[in-house]
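Let me begin by presenting the structure, written as structure tokens, before commenting on it.
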Amino acid sequence: MDRIDFRSDTVSWPTPAMRAAMAAAPVGDDVYGEDPTVNELEALAAARTGKEAGLFVASGTMGNLCAVLAHAGRGEEAILGADSHVYSWEAGGMAALGGVIPHPLPTDAYGRMDPEAVADAVREDDPHLPRSRLVLVENSYGAKHGYPLPPAYFAEIAAVARQNGLAVHMDGARLFNAAVAQQIDATEITRHVDSVTFCLSKGLCAPVGSVLCGSADFIYRARRARKSLGGGMRQAGVLAAAGLVALNEMIDRLADDHAHARRLAEGLARLPGVGVNGEMVRTNMVFFDLSDDVALSADEVADRLRQSANVWLGTNGRRGFRAVTHCWIGADEVRVFLDALENVLARA
Ligand SMILES: Cc1ncc(COP(=O)(O)O)c(CN[C@H](C(=O)O)[C@H](C)O)c1O
């Protein structure tokens with residue numbers, strides 16, 4: 001049985017069109033700004049996000065860190081969600097490498113910070129206190145069902161940031177999932193933020209990379225930050241070529257991933273022993289839990305799914321799971337997963 005992998009959309013491997021484009025890509029030394037394919041990707045990414053310039057980076061984590069380093073300095077503070085990816089899942093890079101202090105705030109069921117709480121979190125100009133410099137937002141919001149947050153929320157955050165002289169960076173790892181789920185152009189979302197990182201390597205299916213977009217001056221600073229992190233790449237056009245295919249061919253099909261996630265949630269809702277909130281499934285993520293009468297832990301269920309059906313799944317605490325759909329998950333794979341899970345729970 002081939003592996004059916006619901007752990008993340010990061011496991012998606014490149015399409016045949018990407019591999020062909022990678023093999024044929026014109027290249028140059030990107031540290032000197034001479035890789036034509038990277039330059040084309042950065043220009044296209046900037047256009048798709050309504051920004052002046054783009055910077056091709058190795059990962060979403062690197063894109064977010066370059067943004068923080070370009071916006072803020074040592075001893076300055078970034079206000080962010082306590083369950084945001086950049087706070088919890090990026091190795092503490094902003095503090096460890098940038099000396100930037102995270103200031104976490106609670107988020108609601110959808111991943112929103114309260115704009116008033118953001119305003120209250122801004123530090124006074126007092127030598128006892130760090131200086132507030134940056135607000136970090138995320139869309140879609142990974143820790144809350146991959147929920148697609150609306151432009152109006154970011155308009156509220158941006159207004160608070162502007163009133164206090166702060167910049168706003170968006171971790172838009174799944175920006176295009178959020179846009180497609182709301183049937184809006186990505187620029188309707190990104191117009192409210194100063195900079196945005198989006199991932200080519202998740203639902204868009206490229207093998208590597210993300211693009212950080214912002215003003216020309218900001219990207220000049222971010223490029224220096226990338227170099228300091230060792231992220232200056234040479235003939236990176238081989239990788240950027242896949243990113244061009246991702247942006248040109250893989251955005252609209254994200255709706256298929258969202259449909260498969262909804263189909264999965266509907267099937268899970270019919271399974272005894274499983275709890276799922278189908279209302280929150282708006283993009284490519286399905287969070288669900290084992291009901292109390294199931295004697296197995298999430299890890300034990302995940303192990304049995306791998307052993308019995310080669311279905312791979314992420315766990316979320318002792319009783320929870322996260323399933324993520326992507327280009328290589330279709331209706332058949334959803335069916336195999338549901339049948340395998342039903343069998344495992346029937347034998348629990
Ligand atoms: C919202 C968000 N922002 C940034 C990143 C980092 O992207 P990479 O550094 O992995 O390219 C991720 C990756 N998320 C991965 C996943 O979801 O499987 C893991 C958890 O790191 C992300 O979900």
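For Leu229 and Val11, what does the FRET efficiency come to when R0 = 25 Å and r is the distance between their Cβ atoms, rounded to the nearest 0.05? Numbers along the way, then the final one.
Working: r = 25 Å, r/R0 = 0.99.
E between Leu229 and Val11, to the nearest 0.05, is 0.50.
Give the residue list of GluC sites (Glu not before Pro) in segment 119-163 that are DSSP loop and have at most 11 other beta-carbon atoms within 10 angstrom.
Details: sites: Glu124, Glu138, Glu156; in loops: Glu124.
The qualifying sites are Glu124.
Just subtract the alpha-carbon distance of Arg191 and Asp332 from 0.36 nm times their residue separation and send over the number in nm, one decimal.
On the way: separation 141, 0.36 × 141 = 50.76 nm, distance 3.84 nm.
Stretched out fully, the Arg191 to Asp332 stretch lengthens by 46.9 nm.
Expressed as an acute angle from 0 to 90° and rounded to the nearest 10, what is the orientation of the C-alpha long axis of helix 151-163 relative to the principal long axis of the chain?
Here the helix axis deviates by roughly 30 degrees.
Could you check the simple spin-label distance between Arg253 and Asp292, using points 7 Å along Cα→Cβ, in nm with one decimal?
Here the modelled spin labels are 4.5 nm apart.
As I understand it, the value is the acute angle between the Cα axis of helix 60-71 and the longest principal axis of the Cα atoms of the chain; what does it come to in degrees, rounded to 10?
30 degrees
When we measure straight from the Cα of Lys227, which aspartates and glutamates land under 15 angstrom away, once same-chain ones fewer than 8 places off are left out?
Asp29, Asp30
Local charge sum around Lys202 (other residues, Cβ-Cβ under 9 Å, Lys/Arg +1, Asp/Glu -1)?
Numbers: positive: Arg174; negative: Asp9.
After counting each charged neighbour, the total is 0.
From the phi angles alone, apply the Karplus equation (6.51, -1.76, 1.60; θ = phi - 60°) to segment 245-260 and give each ³J(HN,Hα) in whole Hz, x where the residue is Gly or Pro.
Rounded to whole hertz, the list is 5, 4, 6, 7, 10, 10, 7, 4, 5, 4, 4, 5, 4, 5, 5, 5.
Just to confirm, what accessible area per residue do you get for the chain at 1.4 Å probe, in whole Å²? Spell out each step's value before the answer.
Details: 14770 Å² over 348 residues.
Per residue, the chain has an accessible area of 42 Å².
Give me the percent of accessible area attributable to carbon and sulfur for the chain, probe 1.4 angstrom. Please list the in-between numbers first.
Numbers: 7290 of 14770 Å².
Here it works out to 49 percent.
Is the chain best put as rounded, prolate or oblate by its Cα gyration tensor, with a ≥ b ≥ c the root eigenvalues, rounded for a/c under 1.5, and otherwise prolate when a/b is larger than b/c, oblate when not? The partial results should precede the final answer.
On the way: a/c = 2.03, a/b = 1.31, b/c = 1.55.
Verdict is oblate for the chain.
What full-extension length gain, to one decimal in nm, is calculated for Arg19 and Asn277 as 0.36 nm per residue of separation minus the Cα-Cα distance?
On the way: separation 258, 0.36 × 258 = 92.88 nm, distance 3.79 nm.
Additional length available on full extension: 89.1 nm.
Could you please state, rounded to a whole Å, how far the C-alpha centre of segment 192-239 is from the C-alpha centre of segment 33-59?
7 Å
The values are calculated or read from the model by the stated rules, or taken from the named source; none is laboratory data. Bear in mind the structure is a predicted one, so any value in this text is a computation, not a measurement. Cβ sites come from the backbone with ideal geometry, for glycine too, and all protein chains shown count toward neighbours. Quick note on the areas: whole protein, heavy atoms, side chains included, nothing else; ligands and nucleic acids left out. Shrake-Rupley method; radii C 1.70, N 1.55, O 1.52, S 1.80 Å.
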